[in-house]
Each structure stands twice: as C-alpha cells, then as structure tokens.
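Novice: This structure is in structure tokens; I'll ask about it shortly.
Readers should treat all values here as calculations from the given coordinates under stated rules, not as data from a laboratory. Everything numeric in this text was worked out from a predicted model, so none of it was measured. Glycine gets a Cβ as well: all are built from the backbone with ideal geometry, and neighbour counts include every protein chain shown.
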Amino acid sequence: MARLVILGAGVAGHTAASFAAKWLGKKHEVVVVTPNSKWNWIPSNIWVGVGEMNKKDVTFDLAPIYKKAKVDYRQAKAVSINPEGSESKSKAFVTVEYTGQGKEGTSEEIEYDYLINATGPKLNFGATPGLGEGTTMGEHTVSVCTADHAVHAAHVLDEKIAKMKNGEEQTFLIGTGHGMCTCQGAAFEYIFNIEHKLRNEGVRDKAKMIWISNESFLGDFGMGGMHIKMGGYVASSKIFAESIYAERGLEWIIGAHVNKVEAGKVTYETLDGETGEQEFDFAMLIPPFAGVGMKAYGKDGSDITDVVFAANGMMKVDADYTPKDYRDWRASDWPRTLQNPTYKNIFAAGIAFAPPHPISKPMKSKNGTPITPTPPRTGMPSAMMGKAVTQSIVDMMNGKTSEPTHTACMSEMGAACVASAGKGLFSGTAAAMTVFPVVPDFEKYPGTGRDINGTTGEIGLAAHWVKHLLHHAFLWKAKLKPGWALIPE
Amino acid sequence: MAREHVKHIESYTPQAGTMIPLGTQKFMRTCVLWQLIRFVAINIKMTILIVKSHH
C-alpha cells in the first residue's frame, strides 16, 4: 500500500483528493492536510460580501465528506518537506503543524510516496503598508478572499448604505492593493455587485465608485486581455470592459501600484510614474498572493528550499524558468505535467505551482516599480490541474507507468469565467467569458494568440443563471453527492 | 430615448472613449426568452471548451 499526501483542500486539492479516493479505493492511502475545517466555494464569496448569501451557503465541513470518502483528513498546515527523508527517516515526509482536531500546535511528520502541493496562496496583505500584517487583513479595508472576510465586508457595506440613506455621500474604492496582484476578476465582480445593490437600495446617486487596478488596461485580467468576436469585429476585451464600467458610471485608475493604505485614503503610483491619493469611505483591495512559505530540507538537514520552490514560494514544476524577454515567451514555456523536475514523486496544482513568467506584458513605472498582473490560475484551470496530476499519480501508484500520463497545460487548455455583475433571478446579470487557450499561443494562433471561435464574451441574465448553476453544481460535486464525478471541472 | 443612456458620460474622460449600450441592447440582456436561448448557447460553448481542454 502506497500513500498519497495532498497539501491543501481548495479547488485543486479537493478535486485531487476526491478523484484519488475514487480511483485508488482501498488499495492505497489518501491523506489530505489542510489548515481549514471548512471548504469554501470562493467564487460565491462576492455574493456573501453584498449580503446576498450567508457563510453557510458557500462553505461546508470537510471532516464528514472525507470520512465518507475514506480520506485521512488532517487539519494542519504543512511547514516543510523532506523529499529525501532525514538522517533518522529513510522515507520522504512532510512536517505539519495541527490547527484543529484537538491537536492544535503539535507537529507531526507524515511520510508519503507521492505528494501533491495544492496549498493555494498566502494572502500577502503585509506586502502593502496599511493593507494588513502578514496574512491578516488590516483595519482600513475589507476583503472577499475568504468567507469570513466577506461576511465582515457585508456588515461594513450595510453601514455605508445606512449612511447613504441618511443623505451622506460615500466613495467606494475597489480593486487591487499592490502592483503584483492577480485575481482582478473577484474585484471586478465585487464592484459590480455593490453597484447593483446600491441601485436596488435606491442610493446609487449617493455613491462615487472607483476601480483601481494594476492592469495596464481595463480587461487585461492578468491574461494580457483577450480578443472577442463582437458585432462582426474582433474586439479587445479593453472595449468590452470599459463599456461596462462606463455604462454603470464607474471611474477607473489603472496601471496602479497601491503603496500605502491609511484610514480613508490610499496612495498609489502609476505606470507613468505619477503618484496620487484617493480617499474612500469603503475599500476592498485584493492583496497580492505569495507561496505559503513552506521550506524544504535535504537528507542531511540542509536547506534545499530553492531547489523545490521558486523565489516567490511557489513550487517548481516542468516549466521553462529561463529568464526571457517578453518577445521571446512561448506557449511551450508553460508546464504540462506539473511534476517537480528534481523529485519526480512531487506534483503541484493550482496557484501553488510557479508559473514561468506572467501572461501580461511585464511593466514598470518610470520609478522602476513593477506593476504587472500575475497570472490567474484559479477556478477551472486549478480543478483541471488537480484532476490531471491525480490521474498521473494514480497510474504511477498502480504500476502502469513511471512517467506522468496526463497533462493540464495553461497554454493548451481553455477557461470559462462567469463574472457576476449583480444578483437577481430576473434582474441579475453576469459576464460569461470563455478563453482558449488561457496562455496565448502566438505560433498556433497568429495575431490574437487565441482561437477566436473559442474566445467569447457576453453579458446578460443567462450568464447570471449559469453562475448560479455553477454555484450549486460545484457545491454538489465538492460534497461528493451522487453523480459528482460526472460534473466537469 | 437614446440620450438617457449616455447622459452620465462627460466629454474627454476615459468613459467617453468607449461604447455605451442603448435601450435595445440593455433590454435584450434581461429579456427572458432571448436569455433562455443564450443560456443554452453559453452551456454549449462551455461544454465544447471543457472537452477541448482535457488531455
């Protein structure tokens, strides 16, 4: 009997654990290590953040699900990896520190035969002074990154709405809190859901709404934008995005690195080197992501973290990490099997893998400050990576092969993104976007870098229905209810 | 009236440099019959995308 240890139980980790348990059965052991007691369908946090859903609508307890699936669940955070074992242990192991199950603070070494690193990101609030300390959100802004953050955001929003109903004007600032952020989509959804809520509450005229983002143009989304077929043209997502912002009366500050957050005010620097200040009454600024800070040690106890992890703390996989100029980037730079090149029994999936470079063109301000969205690798790509690495590992554990059998390459896969612009069975709208491939391949698709028949976008009620359908479908799937494996990633 | 949809746009602002949807476009976005058709279309598009993405 071999043991597969999965670090993390987010979209990638939970997908991996679910399929591993299904495919490996009783022949092998599946262990999941996650510091969280609950699973969170993060895309619906924006609805919690405007009071349209409760925390219990987007979360559920992991323990009973893993008990049902016969997965060994450890509520703990991974601290380090010993891929060669140690002087006292011949087998590879991870060191974990418990955060629950009555063993809080105690450490344990868990041996593994195969390891999937799907820890997701560290929410690096501390990267921007005033945005927070380390992974803890500060007091000046709100967040929708976790369900608890979103519950807090909804309370603060209600206070602002009450003020507006009393005739006060309020300024809302939504976007990214650092020049190297990703996940602009979540902030995009949040600003439009707030705008929708303010209209429903009859106070939209009391709100000044401002978008601030590290994107060099609206609609970049960390993917270098995309081109969509629209009205007989192929048009940039810049036009698509600007149109929605202008229609809803939103202002925007782009190419911005927020360098300081204070009570009611941010200061920022833009790509043209100018600095500015923006006052706010309500701000939701996405923090940058970093690796969770795991260390790696050799058999003799030496620090080999830089062998296993990239400088940003994300895990090295089969990508081409050679530093290259933007013009020399290729689709083939992106990893396919997600296998660590040094330790072949270690894989990474989701945000935890180190991308070879951004997708958006790297830019710096005139002062040299990097202001570039980092690549999005959440949602559908995360789940597909989780499933693909599990398929490879299952084949390897069952002795069918010694090499990975499945791939999930972001320059070969598409992504579907449904961005809510307001909730309501008949009044809601969302932007439904498909992009193929996620990472442009200018050799295969000269010009736009993507298949223009597979790269689409439209806004409407139907997309909102799809977002709602996905909410229920993915919660059904994550709870391993009957037929869960038939629901695609 | 078309002007109702653009009255909040100020000249020489970034908002003035893009396209603004008018009444028909906005109506179609929440027209239940049309959106039912789009619902089916979006699901087909996403299904094709998923099938193409699995390797």
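Novice: Expressed as a whole number of Å, what is the distance separating the alpha-carbon centroids of the range A:223-290 and the range A:457-473?
Specialist: Comparing the Cα centres of the range A:457-473 and the range A:223-290, I get a distance of 24 Å.
Novice: OK, next. Percent relative contact order of chain A, based on C-alpha pairs within less than 8 angstrom and at least six residues apart?
Specialist: 17 percent
Novice: Let me spell out the model: positive unit charges on the Cβ of Lys and Arg, negative unit charges on the Cβ of Asp and Glu, origin at the Cα centre of chain B. What dipole size does that give, in debye rounded to 20? Numbers along the way, then the final one.
Specialist: Details: 7 positive and 2 negative charges, 36 e Å.
With only Lys, Arg, Asp and Glu charged at Cβ, the dipole is about 180 debye.
Novice: Still on this model: With θ set to phi - 60° and the Karplus curve 6.51 cos²θ - 1.76 cosθ + 1.60, what are the ³J(HN,Hα) couplings of the range A:228-238 in order, to the nearest whole Hz, using x for Gly and Pro?
Specialist: 10, 6, 8, x, x, 10, 9, 10, 5, 4, 4
Novice: For the residues A:Phe280, A:Phe353, A:Phe60, B:Phe27, what sequence is obtained by ranking on other C-beta atoms within 10 Å, fewest first?
Specialist: With the sparsest Cβ surroundings first, the list reads B:Phe27, A:Phe60, A:Phe280, A:Phe353.
Novice: Once a ≥ b ≥ c are taken as the square roots of the eigenvalues of the Cα gyration tensor of chain B, is the result rounded (a/c under 1.5), prolate (a/b larger than b/c) or oblate (a/b not larger than b/c)?
Specialist: It comes out oblate by the Cα gyration axes.
Novice: Then there's this: Of A:Leu62, A:Pro121, A:His152, which is farthest towards the positive pole of chain A's charge dipole, taken about the Cα centre with +1 and -1 on the beta-carbons of Lys, Arg and Asp, Glu respectively?
Specialist: Of the options given, the answer is A:Leu62.
Novice: I would also like to ask the following. How long are the semi-axes of the ellipsoid equivalent to chain A, from square roots of 5 times the Cα gyration tensor eigenvalues, in whole Å, largest first?
Specialist: 36, 25, 23
Novice: To continue, here is another question. Work from the charge dipole of the range B:2-53 (Cβ charges, +1 for Lys and Arg, -1 for Asp and Glu, about the Cα centre) and give the residue of B:Ser53, B:Leu33, B:Pro21 farthest towards its positive end.
Specialist: B:Ser53
Novice: Looking at chain A only, what percent of DSSP beta bridges run antiparallel? Nearest 5 please.
Specialist: 60 percent
Novice: Give the residue from A:Ile286, A:Leu250, A:Met314 lying farthest towards the positive end of the charge dipole for the range A:246-322; charges sit on Cβ (+1 for Lys and Arg, -1 for Asp and Glu) and the dipole is referred to the Cα centre.
Specialist: A:Met314
Novice: Excluding B:Leu49 itself, what net charge comes from residues whose Cβ is under 13 Å from its Cβ, given Lys and Arg +1 and Asp and Glu -1?
Specialist: 0
Novice: If you don't mind, another one. Counting other Cβ atoms within 10 Å of each Cβ, which trypsin sites (Lys or Arg not before Pro) in the range A:339-408 have at most 13 and sit in a DSSP loop?
Specialist: A:Lys366, A:Lys400
Novice: While we're here: What's the center-to-center distance, using Cα atoms, between the range A:328-377 and the range A:111-179 in Å?
Specialist: 24 Å
Novice: Also, quick follow-up: For n ≥ 4 DSSP H runs only, could you compute -39500 (n - 2.57) per run for the protein assembly as shown, divide by its residues and tell me the 222 nm figure to the nearest 500?
Specialist: Helix contribution divided over all residues of the protein assembly as shown: -8500 deg cm²/dmol.
Novice: Using amide H atoms built 1.01 Å from N in the peptide plane, name the residues 5+ places from A:Ser86, or on other chains, whose amide H lies under 5 Å from its own.
Specialist: A:Lys91
Novice: Within the range A:95-180, list the GluC sites (Glu not before Pro) lying in a DSSP loop whose Cβ has at most 12 other Cβ atoms in a 10 Å radius.
Specialist: Answer in residue order: A:Glu104, A:Glu139, A:Glu168, A:Glu169.
Novice: What trypsin sites (Lys or Arg not before Pro) does chain B have in DSSP loop regions with at most 10 other beta carbons within 10 Å?
Specialist: When the trypsin sites (Lys or Arg not before Pro) of chain B are filtered for loop state and at most 10 Cβ neighbours within 10 Å, B:Lys7 remain.
Novice: For the range A:180-195 and the range A:75-102, what is the centre-to-centre distance using only Cα atoms, to the nearest Å?
Specialist: 36 Å
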